[in-house]
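Peer 1: Below is a structure I'd like to ask you about.
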4 protein chains.
Amino acid sequence: MCRWLAYSGTPIPVEEVLFKPAYSLVLQSLHARSLLTTTNGDGFGMGWYGNAGSPRLYRSTNPAWNDRNLRELAAGVSSPLFFAHIRASTGTAIQETNTHPFRYGRWLWMHNGLIREFPRIKRELVSAVDDAYYPSIEGTTDSETMFFLALTFGLRDDPIAAVERMVGFVEDTGRRRDIEHPVQMTIATTDGTTIWAFRYSSEGDSRSLWFSTRMDALKALYPESAELASLSDETRVVVSEPLGDLPGAWNEAPESHVGIVQPGTDELRPFSPSASV
Amino acid sequence: MCRWLAYSGTPIPVEEVLFKPAYSLVLQSLHARSLLTTTNGDGFGMGWYGNAGSPRLYRSTNPAWNDRNLRELAAGVSSPLFFAHIRASTGTAIQETNTHPFRYGRWLWMHNGLIREFPRIKRELVSAVDDAYYPSIEGTTDSETMFFLALTFGLRDDPIAAVERMVGFVEDTGRRRDIEHPVQMTIATTDGTTIWAFRYSSEGDSRSLWFSTRMDALKALYPESAELASLSDETRVVVSEPLGDLPGAWNEAPESHVGIVQPGTDELRPFSPSASV
Amino acid sequence: MCRWLAYSGTPIPVEEVLFKPAYSLVLQSLHARSLLTTTNGDGFGMGWYGNAGSPRLYRSTNPAWNDRNLRELAAGVSSPLFFAHIRASTGTAIQETNTHPFRYGRWLWMHNGLIREFPRIKRELVSAVDDAYYPSIEGTTDSETMFFLALTFGLRDDPIAAVERMVGFVEDTGRRRDIEHPVQMTIATTDGTTIWAFRYSSEGDSRSLWFSTRMDALKALYPESAELASLSDETRVVVSEPLGDLPGAWNEAPESHVGIVQPGTDELRPFSPSASV
Amino acid sequence: MCRWLAYSGTPIPVEEVLFKPAYSLVLQSLHARSLLTTTNGDGFGMGWYGNAGSPRLYRSTNPAWNDRNLRELAAGVSSPLFFAHIRASTGTAIQETNTHPFRYGRWLWMHNGLIREFPRIKRELVSAVDDAYYPSIEGTTDSETMFFLALTFGLRDDPIAAVERMVGFVEDTGRRRDIEHPVQMTIATTDGTTIWAFRYSSEGDSRSLWFSTRMDALKALYPESAELASLSDETRVVVSEPLGDLPGAWNEAPESHVGIVQPGTDELRPFSPSASV
């Protein structure tokens, strides 16, 4: 099972979230159990936005805890919006091109979960990717295929509708091949401004997805925290699994929902796959 | 430009051919300019047959000259039939799954050359791979696609006809998309007993392919060589480029031909792509 | 904590011990909990003896479970005597030169444990390595330093005495610097014929060391096993931790002892560090 | 032979110097023959200074031209002072800890050249490293040993005097062992503010060292260049080998000299090793 984290808010060095144990009351709690001490050893990736243009990627097949370059980079890079992902392969090869996050233009995508019996339906799924996107497929995973299907179905114009169509298509394809519960997923995607975070599974028993509490509410809960005070009210962290136990800090997304972290008020909406055309 | 080598004959440690400068008069010459001192730094692979079953692979994205494990393995493995390949990428990612030789069951495949404008026609080519083989595609190269097309067209039953059909299909596909000279190749493939080595290009100006001289003839030329005496008359080396300058040791394959290294008398035949069906 | 395995006996493919779940009754039990499914992800190494000369090494900083080349090699290499080691670093860099087993000429060495506060006394320890061996030090670990100290103290002539002197020297050095329990170790070393396996710690609470039961006794216990029947009576496996639960298959070495696996009758002797000169 | 580059001046993305062919008239010329297209395939490193604290490192044993993370990083990192180095090993292992630049606190160090017969005198040289620095040695190269000797001899207080003592000490040690010309070097070191670049060899025939022309003079030469206009007058590039052929852009350092790139006026001074004490 993979784990992932998405950060949006006051620019901070990436290491504050990935490595440091004492940045702030909230973040202390966020990584009380560090993202990087699990045994997800099948590769690590991070993507971050800087001043302009496309996000940058650092992806490696080393276990994250052994990767010196990752520590250097996490200390040297500050960003207002970044993704990090640690991979536990569900069968596809351990190589950089299979490591999350995936990128297309300004977009990033990362996934925890799987398409069940992916090898049996990969061909049909990949066949549906639009010609415009097909040559950009670099790896061989179910997760990247979902990304390019979502792009095909309009991710850049209407992300939620596109992911609903993508999931509907994968489920239809799988069920035609007698795969009982084709999709299990939490997914985060971003255009560099807004983060969409999805929780869904065909069986209605999805992997977990957590949003940090609104920063103004947290500041009210912990008025003595200088670190919290340094973070903007817009700052938000989304994670595949809760990273700490600070009372009031984390809120689990309900089944079949999508959270939208954006300038202004964030939102939580129901999510349901579209029937394929 | 990649380089490759195929060996069949008296079992010898792989290092004799890959690394050692003084094994024998012939082999001295074969690697007077060592296979491994070029600047082909985009990965290395070897495949070898042992006592039984499928061939074994060692593939790495390290430059061959830096890879300590390769030196250890080349010293520790003796084999009567092995392939070695050093890669110079023509654009696809540097990762083990893109490194030659490729394997399917008992078969190995390696390639020097390219399919021109491969990204433009990849989708059509991959679409033609039979369902039985499709899930075994692991990488993203033109070379591996050629292998799975050849398998689709009957490589395991009639290798020469299958490669002729594969090349014909790639050429037809390319030309329909206005690619002038779609195919440039030398290819070696084997089932563990016989080696087929092809030289062909759409433009009739193919990369080179060389066969070592029959061992009995070489022994007659160099009767004083104890090392030559230790090799069976069946021993043969096929290479993408001549590796030395021993007079009489190397014979260039003509354009559009395929050489067959097999138990008994080896053969050289014309090669011409089949029209697609 | 590292884990290691040493095999001596009827030549078998390395994969039978490292990967396969069903080779034989005994070996089934040996790896019921597979050597490779732990979370020791800081590198893997194996060393094996072939027909002649020095042992060969394969060492990698990939986690063992991700390393395709390891699976290939384990299937392709048969050996009558091999070592395998999975590393969990106690602080030194993750790089091939720090990966066990270490080799000098015909000798192999691997270690589970540590020299406590090694950085504080490394300089003194390395200073004691003989000039003849010093240039062969390639890495930076406590384990390799122990190897070269043992060589300095006569490993090649009298292995047990040399390891006793090495441990005595490390303990003296550590205690002069107020390190309470300087040494924690199980160590295996071999010259390609005999294996010496040590269990010792300064605090008298050593990591575990297990020897497989004599094969004739196991065959008597399990007369119906065809696989056991195929192994010579001399076949023996030594492991840092028990790998299965076949009743009667495993025997724990007592504290402060060394086991000798050799042609003829194996031995178990008390081990005690020598006072430094 | 290694190659290296040191940049100080207007903060620019590292890729402008390492990868881009058209940043400016001067930089065009600087990398007309790109730093990264040589066959130095034994590892790559860069070190850069950001807003505060120690420099960050990215070091890899991949060939630079294959390293996707390097391209990402070079695009994502802007810095007013950075070092880059491509390694061609003179014998020591290919591993990250042997890759330049080396770091200690705020200091970076990189080297082109070698200590001749280093294995013969390594022990004596390392023995002279101060206890305060010894535990920070991570690798096994001559270059890193020179760095820690220079630190021992006072690099942080008086860099030129310290390097003169270091070279004097290495030469004395080498000559006592009958090594004719112990030292061959160009070296760059920095504290994050000033760069010291040394050119020296025992034989008086040193590898080359080049300084870019003062930016105000270049602007006068090429008044039409908008790119030049965007660079501060303090901007300076130091390289081991000339990277282009823009007339007037490059100035070779004379034998046995050290150049000082610093706030205010840069300097060039004679360099001569000190006799050891």
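The values are calculated or read from the model by the stated rules, or taken from the named source; none is laboratory data. The model shown is predicted, which means the values in this text are computed figures rather than measured ones. Note that we place each Cβ from the backbone using ideal geometry, even for glycine, and neighbour counts take in every protein chain shown. Each accessible area value is taken on the protein alone, full model and side chains, heavy atoms only, with ligands, DNA and RNA left out. Shrake-Rupley method; radii C 1.70, N 1.55, O 1.52, S 1.80 Å.
Peer 1: Among B:Ala275, B:Val261, B:Thr194, which residue has its Cα positioned farthest towards the positive end of the charge dipole of segment B:163-277, with +1 placed on the Cβ of Lys and Arg, -1 on the Cβ of Asp and Glu, and the dipole taken about the Cα centre?
Peer 2: Positive-end residue among those listed: B:Ala275.
Peer 1: So the label point sits 7 Å from Cα along the Cα-to-Cβ vector; using that for C:Gly154, what distances do you get to the other copies, in nanometres, sorted shortest first?
Peer 2: 4.8, 7.4, 8.4
Peer 1: Another question, then. Am I reading the A/D interface right? What is its buried accessible area, both sides, 1.4 Å probe, to the nearest 100 Å²?
Peer 2: Its buried surface, counting both partners, is about 1400 Å².
Peer 1: Could you tell me whether segment A:121-205 comes out rounded, prolate or oblate from its Cα gyration tensor? Rule is a ≥ b ≥ c as square roots of the eigenvalues, rounded for a/c under 1.5, then prolate if a/b exceeds b/c, otherwise oblate.
Peer 2: Because a/c hits 1.5 or more and a/b fails to exceed b/c, segment A:121-205 counts as oblate.
Peer 1: Keeping all protein chains in place, calculate the accessible area per residue for segment A:74-113 (probe 1.4 angstrom), answer in Å².
Peer 2: 23
Peer 1: Based on Cβ point charges of +1 for Lys and Arg and -1 for Asp and Glu, what charge dipole magnitude is obtained for chain B about its Cα centre, in debye rounded to the nearest 20?
Peer 2: For this selection, approximately 460 debye.
Peer 1: To the nearest 20 debye, what is the magnitude of the charge dipole of the protein assembly as shown about its Cα centre, counting +1 on the Cβ of each Lys and Arg and -1 on the Cβ of each Asp and Glu?
Peer 2: 0
Peer 1: Please give the charge dipole size of segment C:100-205, origin at the Cα centre, charges +1 on K and R Cβ atoms and -1 on D and E Cβ atoms. Round to the nearest 20 debye.
Peer 2: In total the dipole reaches around 140 debye.
Peer 1: Would you tally the net charge around D:Ala88, using a Cβ to Cβ cut-off of less than 11 Å, leaving D:Ala88 out, and scoring K and R as +1, D and E as -1?
Peer 2: Value of the local net charge: +1.
Peer 1: What residue of chain C sits with its beta carbon nearest the rotation axis taking C to D, and at what distance in whole Å?
Peer 2: Value returned for chain C: C:Gln95, 2.
Peer 1: Take chain D, connect every pair of alpha-carbon atoms lying under 10 Å apart with a spring to form a Gaussian network, then pick out the residue of D:Ile187, D:Ile195, D:Ile179 with the largest mean-square fluctuation.
Peer 2: Evaluated over chain D, the most mobile residue of the options is D:Ile179.
Peer 1: To continue, here is another question. Of A:Ser212, A:Pro247, A:Tyr222, which is farthest along the charge dipole of segment A:166-277 in the positive direction, counting Lys and Arg as +1 and Asp and Glu as -1 at C-beta?
Peer 2: The one lying farthest along the dipole's positive direction is A:Ser212.
Peer 1: Calculate I(q)/I(0) for segment A:73-146 by the Debye formula, one identical point scatterer on each C-alpha and no solvent, and give its log10 at q = 0.25 Å⁻¹ to two decimals.
Peer 2: -1.32
Peer 1: Report, to the nearest whole %, how much of the accessible area of chain C belongs to carbon and sulfur atoms, 1.4 Å probe, protein only.
Peer 2: 49
Peer 1: Something else about it: Summing -39500 (n - 2.57) over the DSSP H runs of n ≥ 4 in chain D and dividing by its residue number, what mean residue ellipticity at 222 nm do you reach, to the nearest 500 deg cm²/dmol?
Peer 2: -7000 deg cm²/dmol
Peer 1: Then there is this: Got the relative contact order for segment A:87-204 handy, in percent, Cα pairs under 8 Å and 6 or more residues apart?
Peer 2: 28
Peer 1: Could you run the Karplus curve 6.51 cos²θ - 1.76 cosθ + 1.60 with θ = phi - 60° over segment B:159-165 and give me ³J(HN,Hα) per residue in whole Hz, x for Gly and Pro?
Peer 2: Karplus-based 3J(HN,Hα) across segment B:159-165 equals x, 5, 4, 5, 6, 4, 5 Hz.
Peer 1: In terms of modelled amide H atoms, which long-range or inter-chain residues lie less than 5 Å from the amide H of C:Ala88?
Peer 2: Amide H neighbours of C:Ala88, under 5 Å, 5+ apart: C:Cys2, C:Arg3.
Peer 1: Name the residues of segment D:49-63 whose accessible area falls by at least 50 Å² when all protein chains are present instead of the chain alone, probe 1.4 Å?
Peer 2: So the qualifying set is D:Arg56.
Peer 1: Relative contact order of segment B:142-242: what whole-number percent is it, with Cα pairs under 8 angstrom and at least 6 residues apart?
Peer 2: Relative contact order comes out at 17 percent.
Peer 1: Ordered shortest first, which distances in nm separate the 7 Å Cα→C-beta label point of A:Arg120 from those of the other copies?
Peer 2: 3.9, 6.1, 6.9
Peer 1: Continuing with the same structure: Just to confirm the numbers: B:Asp216, label point 7 angstrom along the Cα-Cβ line, distances to the other copies in nm, shortest first?
Peer 2: 5.4, 8.5, 9.5
Peer 1: Just give me a number: lysine pairs in the protein assembly as shown, eight or more positions apart or cross-chain, with C-alpha atoms less than 28 Å apart.
Peer 2: Close lysine pairs found across the protein assembly as shown: 6.
Peer 1: What does the charge count around B:Asp191 come to, taking other residues whose C-beta lies under 10 Å from its C-beta (Lys +1, Arg +1, Asp -1, Glu -1)?
Peer 2: +2
Peer 1: Compute the convex hull volume of the Cα atoms of the protein assembly as shown, divide it by the residue count, and report the result per residue in Å³ as a whole number.
Peer 2: So the per-residue Cα hull volume is 212 Å³.
Peer 1: Separate question: Count charges around A:Val170 for me, please; just the other residues with Cβ under 15 Å from its Cβ, Lys/Arg as +1, Asp/Glu as -1.
Peer 2: -2
Peer 1: How are the C-alpha pair distances of segment C:151-277 spread across 5 Å bins, as whole percents from the shortest bin up?
Peer 2: Computed distribution, short to long bins: 2, 10, 18, 20, 17, 12, 8, 6, 3, 2, 1, 0.
Peer 1: Quick one: helix A:142-152 against the long Cα principal axis of chain A, what's the angle to the nearest 10°, folded into 0 to 90?
Peer 2: It is inclined by approximately 80 degrees.
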